[in-house]
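Notes for the one structure printed next.
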Amino acid sequence: MANVTVIGAQWGDEGKGKIVDWLASRADAVVRFQGGHNAGHTLVVGDVTYKLSLLPSGIVTGTLSLIGNGVVLDPWALKAEIEKLTGQGVAINADNFGIADNCPLILPLHRDLDGLREQAAGAGKIGTTGRGIGPAYEDKVGRRAIRVCDLAHLDALDAQLDRLCAHHDALRAGFGQPPVDREALLAELREIAPFVLQFAQPVWQRLNKVRKAGARILFEGAQGVLLDVDHGTYPFVTSSNTVSGTAASGSGLGPNSTGFVLGIVKAYTTRVGSGPFPTELEDETGQRLGERGHEFGTVTGRKRRCGWFDAVLVRQSCAISGVTGIALTKLDVLDGFEKVKICTGYRLRGKVLDFFPAHAADQAEVEPIYEEMDGWSGTTAGARSWADLPAQAIKYIQRVQELIETPVALVSTSPEREDTILVRDPFVD
Ligand code: IMP
């Protein structure tokens, strides 16, 4: 049996939540390896809808759920999310949930800085989720982060606080803000520390142990490859590596453990926040995709930008992340369109490109080259086998598969866990 790494192959919001939930019900452990509470996963199980931002999706099924060192953790957001889920009847305890003790914390000063910088950025605004993700990752690589393990040593935090505040006070002064209130920060950390520490552990060790015992591990990515800080639409990206390779470094297992890479791909394209989006439709069709697909952010409630499927981008994401197979989601949103379009290349200043160029100006200027196909009038919603799909929908899936040079492993046809067509079980070698 293989392990599985799940990543978004577009700009996030591909419907990962449902797929991860479906896989989690068959896994022995689920681990988040990057991002923070900027992610938003909606899981629908029976009549109940769960909204997760930080917790691994396995938590809903009671599967061992771990937050790896690659995540940035806001302890207050964690507490709020755990309380919300507990209120919905989900059991979360030290047996089924753990947090890496070397995980960096998101502090209130990170949230402040995220907001201040976005406000001051003018046309250069990234459109972040405002959760302090970028500043927290900066402090991690700047070697001034406060980490989960520090919560057990708050009386010995002076040197770290000096380093952290020397940096932040200078930045805050530039924004006309008072210096960090160290006493208040320490008091807040003291209050939250016991809550976090009950779950803190060497996650790398726990994972290595369960792996040796034959557990099936699901590595749960957040955001999407096009938001990767190296490979995405820089600078309009998140501050972590979202590609599958991060599953190893962000959890504490070697790359030989990460298994089948399942890329989640929406049957069309969406994006929240600023940045280039070649197939964006600012017309009635875009509006229709947004309404039918309920395209509003789980985390911020922002309306998502919508457009046709971009095969160039997804081919690139699949190559960069070594995607073994894709899960195609939200096909039913295309039901009833007379014609559907797929972007197969770009035109840039008279040249045809079969890849997405690295420079933001080129990314903004490329014009999509479309292939048009007949749509389908029947419904794909709720289909559980190929026989349930209209012939033209099958043709669409086949064309997507050809263009992205990656096979389809699953097709998801509604938010319900069981409404899935399984072509290849990612857990089976
Ligand atoms: P940050 O991650 O809050 O710094 O935001 C950086 C960019 O990533 C913005 O464009 C956000 O909208 C986008 N982003 C962050 N998390 C998600 C997500 O889970 N889904 C979709 N977009 C996201």
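The values are calculated or read from the model by the stated rules, or taken from the named source; none is laboratory data. From a predicted model like this one, the values you see are computed outputs, not experimental measurements. FYI the Cβ positions are ideal-geometry reconstructions off the backbone, even for glycines, and counts take in every protein chain you see.
Every residue in the stretch 121-143 that is more than 10 Å from the ligand (Cβ to nearest atom) and surrounded by fewer than 23 Cβ atoms within 10 Å (Cβ to Cβ), please.
First, the residues of the stretch 121-143 that are more than 10 Å from the ligand (Cβ to nearest atom): 121-124, 138-143.
Result: Ala121, Gly122, Ala123, Gly124, Glu138, Lys140, Val141, Gly142, Arg143.
Looking at Arg292, Arg271, Arg305 in this structure, which one is in contact (Cβ under 8 Å) with a residue 40 or more places away in the chain and within 16 Å of the ligand (Cβ to nearest atom)?
Values: Arg292 fails: within 16 Å of the ligand (Cβ to nearest atom); Arg305 fails: in contact (Cβ under 8 Å) with a residue 40 or more places away in the chain.
Matching residue, one of Arg292, Arg271, Arg305: Arg271.
In the stretch 243-275, which residues are under 29 Å from Ala393 (Cβ atoms), touching a helix residue (DSSP H, G or I) at 6+ places or on another chain (Cβ under 7 Å) and assigned to a loop (DSSP other than H, G, I, E, B)?
If the condition is that a residue be under 29 Å from Ala393 (Cβ atoms), touching a helix residue (DSSP H, G or I) at 6+ places or on another chain (Cβ under 7 Å) and assigned to a loop (DSSP other than H, G, I, E, B), then Ala267, Tyr268 are the ones that fit.
So which of Leu113, Leu85, Leu109 ends up being more than 12 Å from the ligand (Cβ to nearest atom), farther than 21 Å from Thr61 by Cα and modelled with pLDDT of 95 or more? Break it down into steps so the answer makes sense when it comes.
Numbers: Leu113 fails: more than 12 Å from the ligand (Cβ to nearest atom); Leu85 fails: farther than 21 Å from Thr61 by Cα.
Result: Leu109 is the single residue among Leu113, Leu85, Leu109 that is more than 12 Å from the ligand (Cβ to nearest atom), farther than 21 Å from Thr61 by Cα and modelled with pLDDT of 95 or more.
Kindly provide the set of residues from the stretch 228-249 that are within 22 Å of Leu207 (Cβ to Cβ) and within 15 Å of the ligand (Cβ to nearest atom), ordered by number. Full working, then the answer.
The initial filter retains those residues of the stretch 228-249 that are within 22 Å of Leu207 (Cβ to Cβ), namely 240-249.
Matches in the stretch 228-249: Ser240, Asn241, Thr242, Val243, Thr246.
Conditions first: (1) at pLDDT below 95; (2) surrounded by fewer than 24 Cβ atoms within 10 Å (Cβ to Cβ); (3) within 14 Å of the ligand (Cβ to nearest atom). Ala77 passes all but one, so which condition is the exception?
(1)
In the stretch 419-428, which residue that is in contact with a Gly (Cβ under 9 Å, 6 or more places away or on another chain) and more than 17 Å from Glu14 (Cβ to Cβ) is surrounded by the fewest Cβ atoms within 10 Å (Cβ to Cβ)? Spell out the reasoning first.
Step one: filter the stretch 419-428 for residues in contact with a Gly (Cβ under 9 Å, 6 or more places away or on another chain), giving 419, 423-424, 426-427.
This time we only want the ones that are more than 17 Å from Glu14 (Cβ to Cβ), so: 423-424, 427.
Values: Val423: 16, Arg424: 14, Phe427: 17.
For the stretch 419-428, the residue satisfying everything is Arg424.
Filter the stretch 44-62 for residues that are in contact (Cβ under 8 Å) with a residue 60 or more places away in the chain and not in a helix (DSSP H, G or I) and give the result. Reasoning before the result, please.
Of all residues in the stretch 44-62, those in contact (Cβ under 8 Å) with a residue 60 or more places away in the chain come to 44-45, 51, 53, 56-58.
Passing the criteria: Val44, Val45, Lys51, Ser53, Pro56.
Name every residue in the stretch 320-349 that is of a type in the set (S, T, N, Q) and part of a loop (DSSP other than H, G, I, E, B), in order of residue number.
Residues of the stretch 320-349 of a type in the set (S, T, N, Q): 321, 324, 329, 344.
Ser321, Thr324, listed by residue number.
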